[in-house]
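Please read the structure below before turning to the comments.
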Amino acid sequence: MATLSRADVEHVAHLARLGLSDDEIALLEGQLNHILDQYAILTKLETDHIAPTAQTIELENILREDVARPSLPVEDVLANAADHDGDFVVVPAILGERD
Amino acid sequence: MSAAELTRFHAHEMAARLRAGDISSRELTDAHLTLAERQDHGLHAWLSVDRERALEEAETADLRIAAARGEGGGALEALHPLLGVPVALKDLVSVRGGRCTAGSRILEGYRAPYDAHITERLRDVGAVILGKTNMDEFAMGSSTEHSAFGPTANPWDLGRVPGGSSGGSAAAVAAYHAPLGIGTDTGGSIRQPAALTGTVGMKPTYGRVSRYGIVAFASSLDQVGPFARDARDAAALLHAIAGRDERDSTSSPVPVPDHLLHLPSSDDEAAGVLRGKRLGLPREYFVAGMEPGVEARVREAVAALEAAGAIVEDVSLPHTDYGLATYYIVAPAEASANLARYDGIRYGPRLGDGRDVLADYLATRGRGFGAEVKRRVMLGTYALSAGYYDAFYLKAQKVRTLIKADFDALWAEGIDALVAPTSPTVAFRFGARMADPVAMYLSDACTLPVNMAGLPGISVPAGLSDGLPVGLQLIGAPWSEASLLELSRGYEAITAASDWRALEPADLARLDDPATASPPGV
């Protein structure tokens, strides 16, 4: 099927927002390729006309009444945040300053 | 009554004695807490035990029992059999105000702001929550060795794993720290540890139990289920937690049969259920890699079922060999999406310096997740990435259709249940499969097709091989939990006199020795 290069591993780690050490990248390159080798068995199966299964029980259009309900207490939720200010979670700036 | 006697009762025996007034939930709960506190240095089944809250819940249960006794007129008999009975929860079930680590550093310090649906249900019936049990990080693993807090030992041999990912609950139930436990099963994480610890563990039909308040791994596969020391207790716990919950839109409105609370108590009646049942023996589950001792025990169990009047037929599930590859595309893909939420901002430690959001994400996730979680997030991200979706995820979903169709064809033929090994091997030594992820993944070869097809499955003890437990797996059609539990109860009845039934885990005595070492890395 496919083979992952070191550059591919670095690219996927970036997509997954995982900061990996050089050793981890080297180890993962070998391990992920070994796991991908196991996927090759699937190419033996002809599946062009098979419908995909995303879920196994036949539930459809699950709706609920549109009723307002109390939310979780703000202080309990904020207690888990790394940093907060009043009723707000503090996050690092994601927009740079306009030049 | 001594603590040793109290902890050895099955849950239904505890229920009877609580009603009779022989024992109180407080003394029962205290006996379990004391045993867990004394022995856990060697077992490491628990990540947190909340003695104070558990004893409060026990006292509440005692008041409810006393009130029912005062009321008379059948009020005692109407109580749920779990009232006052201790339960262990896997540490991914939310209990308001308590820790919920999912075995990960990335949830260290997190306190759940609400109760999971099953926690509410357990409170409603009056079960006593002792604490939270160890697990592979985010339920990814088959040994508990992937817990960020170190592995759990197997009470049958403290040098071996209890299986996983729900290994803490399995070991706690096997070691009499709790009569009942909760696990989750995405590819075998209840059934495989049940097999390796000599306990009963059931993965219900997908949608049977609400997952509201339970840390997600792979959302099209995850199910919550019971551990117990017999089928009746597993049925009672399933009865307490199953049913529709509108906060989990995949939970099903299919009614939960009250029959689960009335599995036969007499062995004769229980054995009678087996007569005429059509049991399929899937030949693909008896293949290379299975230990001879495991195969021998499973074949003996099949012979015993046949002798009791069951009709055993050779059947085929031709796409079994594709299960592992299919699972290891679907589960990591779904996990990579579910675990995107761990960003160090709303909960969990933030491991960056707070100045740059991307650098914070990379540091928090790179250092907060362990090796197996990173491996699966990488696999899943790759399988879903541009240009590979059709080749991997879509292909796997199509093969999933074929795997499910294999099972459907057997139900259409009138097969009542399939009988197979749960795990191809008995409990393995610490470290044996850690260097090779694929070797660890093969631990679940006999269980993960059941998750791919959304079916219920149960593992029940079927004797020992070289002194270690072997599990017999029963697999049924959707919503057939009660029937699987009846068959399991029947199997217990026809093997009630077997010598191995009387054996306790061999290393229990070592757990009482303060000099016994903790599992490696704890």
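The values are calculated or read from the model by the stated rules, or taken from the named source; none is laboratory data. It should be emphasised that the depicted structure is a prediction, and the values quoted were computed from it without experimental measurement. So basically every Cβ, Gly included, is an ideal-geometry build from the backbone, and we count neighbours across all protein chains shown. Heads up: the accessible areas ignore ligands, DNA and RNA and are worked out on the full protein's heavy atoms, side chains in. Shrake-Rupley method; radii C 1.70, N 1.55, O 1.52, S 1.80 Å.
A:ASP37 sits with roughly 100 Å² accessible to a 1.4 Å probe, with DNA, RNA and ligands left out of the calculation.
On the principal axes of its alpha-carbon atoms, chain B has extents of 65, 53, 48 Å, going from largest to smallest. Counted by Cβ distance under 13 Å from B:ARG275, the other residues give a net charge of -3, where Lys and Arg count +1 and Asp and Glu count -1. Per-residue surface analysis assigns A:ILE41 an accessible area of about 50 Å², computed on protein heavy atoms at 1.4 Å probe radius. For the protein assembly as shown, the convex hull drawn through the C-alpha positions has a volume of 172 cubic angstrom per residue. Summing +1 for each Lys or Arg and -1 for each Asp or Glu, what net charge is found among the other residues whose Cβ lies under 12 Å from the Cβ of B:ALA432? Its environment carries a net charge of +1. Taken along its principal axes, the alpha carbon cloud of segment B:133-249 reaches lengths of 43, 31, 18 Å, longest axis first. Shown for the protein assembly as shown: the carbon plus sulfur share of the solvent-accessible area, taken with all protein chains present and a 1.4 angstrom probe, equals 52%.
The angle between the Cα long axis of helix A:22-39 and the main principal axis of chain A comes to about 60°, on a 0 to 90 degree scale. For chain B, the mean residue ellipticity at 222 nm estimated from helices alone is -11500 deg cm²/dmol, where every DSSP H run of n ≥ 4 contributes -39500 (n - 2.57) and the total is divided by all residues, rounded to the nearest 500.
Listed by number, the DSSP H helices of chain B that run 24 Å or longer by alpha-carbon position along their axis and have mean Kyte hydropathy of at least -1.0 are B:25-43, B:51-71, B:395-412. Direction-averaged projected area, Cα convex hull, chain A: 14.5 nm², rounded to one decimal. Based on the Stokes-Einstein relation at 20 °C and a viscosity of 1.002 mPa s, and on the Kirkwood radius from alpha carbon pairs, segment B:282-338 is assigned a translational diffusion coefficient of 153 µm²/s. Once the convex hull of all Cα atoms in segment B:201-342 is built, its volume per residue stands at 163 Å³. Heavy-atom accessible surface of chain A, averaged per residue, reaches 72 Å², computed with a 1.4 Å probe.
Exposure here means at most 11 other Cβ atoms within 10 Å; with GluC sites (Glu not before Pro) in a DSSP loop as sites, the longest stretch of chain A lacking them is A:1-45. If you sort B:TRP500, B:TRP411 by accessible surface, 1.4 Å probe, largest first, the order is B:TRP500, B:TRP411. Excluding ligands, DNA and RNA and using a 1.4 Å probe, chains B and A jointly bury around 5200 Å² of accessible surface, summed across both partners. Our coupling estimate for segment B:149-164, obtained by passing each phi through the Karplus curve with A = 6.51, B = -1.76, C = 1.60 and θ = phi - 60°, is 9, x, x, 9, 8, 8, x, 7, 6, 5, x, 10, 6, x, x, x Hz, Gly and Pro reported as x. Summing charges over all other residues whose Cβ lies under 15 Å from the Cβ of B:THR34, with Lys and Arg as +1 and Asp and Glu as -1, gives -4. For the set B:ASP353, B:ASP499, B:ASP513, B:ASP185, the ranking by accessible area, highest first and with no ligand, DNA or RNA atoms included, is B:ASP499, B:ASP353, B:ASP513, B:ASP185 under a 1.4 Å probe. Per residue, the solvent-accessible area of segment B:308-436 (1.4 Å probe, heavy atoms of protein chains only, all protein chains present) comes to 34 Å². Residue ranking by accessible heavy-atom surface, 1.4 Å probe, largest first, among B:ARG211, B:ARG123, B:ARG365, B:ARG96 comes out as B:ARG96, B:ARG123, B:ARG211, B:ARG365. In degrees from 0 to 90, rounded to the nearest 10, what is the angle of the helix A:6-15 Cα long axis to the longest principal axis of chain A? Its long axis makes an angle of about 30 degrees. Pairs exceeding a 18 Å alpha-carbon distance, out of B:LYS90/B:LYS203; B:LYS203/B:LYS374; B:LYS203/B:LYS404: B:LYS203/B:LYS374. Comparing the full protein assembly with the isolated chain (1.4 Å probe, heavy atoms, ligands and nucleic acids excluded), the residues of segment B:188-219 losing at least 30 square angstrom of accessible area are B:TYR206. Only protein heavy atoms count here; under a 1.4 Å probe, B:ARG244 has an accessible surface of about 90 Å². Take each residue in B:359-366, count the other chain C-beta atoms within 10 Å of its C-beta, and the mean is 5.
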